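Scroll down for the structure; my scribbles are underneath it.
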Amino acid sequence: METSDAAVVRRVLSGDVEAYSILVERYFDHYVRFAVHLVGNREDAEEVVQDTFLRAYRALGRYEERERFGAWLLRILVNRARTVSAIGRRREKMFPDQIDESLPEASEAHPADRAALREEMARALSQIGTDQREAFLLHYVEGLSYEEMAAVTGSGVSALKMRVKRSCERLREILQGVNRV
Amino acid sequence: MPTPDPLAAFIAGLREPVSADPASKRRLMELVRESPSPAPVAGVVARPVPTRSRALATIRRMRGTGPSTASASTLATAAGIALLLAVGSQERAAPPLTPGRRVVTLGDSVASVASSIRDTLRIVQFMLTAPAASRVALAGDFNNWDTRGTPLARDTRDGRWAVTLALAPGRHTYAYVVDDTQWVRDPAATPAEPNELAPPRSVLIVNR
């Protein structure tokens, strides 16, 4: 039987530091996927997720079992990713479209290349605003309800619905533009 | 034949699993081992005021429907009834709410009249002065951070908004959501530890 997150947290708080690796194995890969799409590249994503887990560990005494550990972690992650975006650190690596506008060519030249597809996804996501990208990913990729998104982002449900709607409209425009080339 | 939505395929691509570099996880655990051990953090203790027997009767009826399992609307409705009963006596005996104090515990513990302490619910009134707001809601761990399920009622005379809930004893964190977008920490309560945990929150400890 799998140990619950709350039980693992209790073990860590009682001094079993190694038990934290259970939570790392449970959530790290999943949240790297989220972070990759949010910040635009693997290197920054893994760094942000690593930082998130470390901050979560240091704040573990404030974790409350009423809340899902994954949701608590996601809230920290969203905040860290926002900070990275706000600072604009290594932005030229995060959003390759800003230095290279040749997405359709890249996609056309390597239609079966998964790396090219990933690049295409990153480029499309980079062309919508940070708030819209965040809301889109939380809703459609992470599968969060708007209420859950509100708790994670600190934004209201109405604003989140509008961001998701606009992100869908914008992404359709971008993707249809790519497909027409 | 209809054209497939390019967004659907795009989302499916985004959902494909990703495997992180195992070295990242190893490095993370090294950093964890080097970090000081995490410790629980204390919050503020809510102020209790005298009980009302009919409010307690309402709370008794709620027993077995704890905040962790009851819907926010059920809780709010039940608590609202309890508040109404309690306020009936407040008009005669209780002083007006202290200016600046936004969270007031109105009810006493069922524990005072029952043998079980752990199942106790307490009546807590949340209050925020926001005369310019169109809507104010309460979001907290007790309602799964639902930003719409626990609206505050407005008193048009002074711009105060209030709602009353029945909460289990323990530490709760919460915030007010003004006009659906702005998260506001309770100005009269202890802020939750400033860290990366958005949104801004306040801490309330409900005594047994």
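All but one of (1) in a helix (DSSP H, G or I); (2) more than 8 Å from chain B (Cβ to nearest Cβ); (3) at pLDDT below 90 hold for A:ALA151; which doesn't?
(2)
Report, by residue number, each residue of region A:34-50 that is touching a Leu at 6+ places or on another chain (Cβ under 9 Å) and free of Cβ contacts under 8 Å to residues at least 40 places away in the same chain.
Listed by number, the residues that qualify are A:ALA45, A:VAL48, A:VAL49, A:GLN50.
May I ask you to say which residue of B:ARG171, B:ARG154 is at pLDDT 80 or above, part of a strand (DSSP E or B) and more than 11 Å from chain A (Cβ to nearest Cβ)?
Of B:ARG171, B:ARG154, the one residue that is at pLDDT 80 or above, part of a strand (DSSP E or B) and more than 11 Å from chain A (Cβ to nearest Cβ) is B:ARG154.
Report, by residue number, each residue of region B:114-145 that is out of contact with any strand residue (DSSP E or B) (no Cβ under 6 Å at 6 or more places or on another chain), surrounded by 13 or more Cβ atoms within 10 Å (Cβ to Cβ) and at pLDDT below 85.
B:ALA114, B:ASP119, B:THR120, B:ASN143, B:ASN144
The values are calculated or read from the model by the stated rules, or taken from the named source; none is laboratory data. All values derive from a computational prediction rather than experimental measurement. Every residue, glycine among them, receives a Cβ derived from its backbone with ideal geometry; neighbour counts consider all protein chains shown.
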